[in-house]
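Structure first, then comments.
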Amino acid sequence: MGQSDNLAYPTQTTLSVDDTREIISALRDKFPAIQGPRNDDICYATPHRPEQVEQVAEALMLLVGVGSRHSSS
């Protein structure tokens, strides 16, 4: 059993699905045995919110997002 056999990563649900996918891919490239969280317990809005914004944005001239500077969503 190698050192990387006992690694796991959490994910922040406010990160976009695309950003998260890139990060996980880099982790798996370096540590193929790394374990991730279950994905059947992520709230419905988290993966769908960015997709919905992308669809709506196609019909808009301007989209303003308002939120905390500490939030990534």
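Coordinate-derived values only; no laboratory data. If you're wondering where the values come from, they're calculated on a predicted model, not measured in any experiment. Cβ coordinates were reconstructed from backbone atoms using ideal geometry, including for glycine residues, and neighbour counts include every protein chain displayed.
Observations, loosely collected:
- Take 16-23, 55-62, 29-36 and order them by the average number of nearby Cβ atoms within 10 Å per residue, most first; the result is 16-23, 29-36, 55-62.
- For the pair A33 and V53, the difference between a 0.36 nm per residue extended length and the Cα-Cα distance amounts to 3.8 nm.
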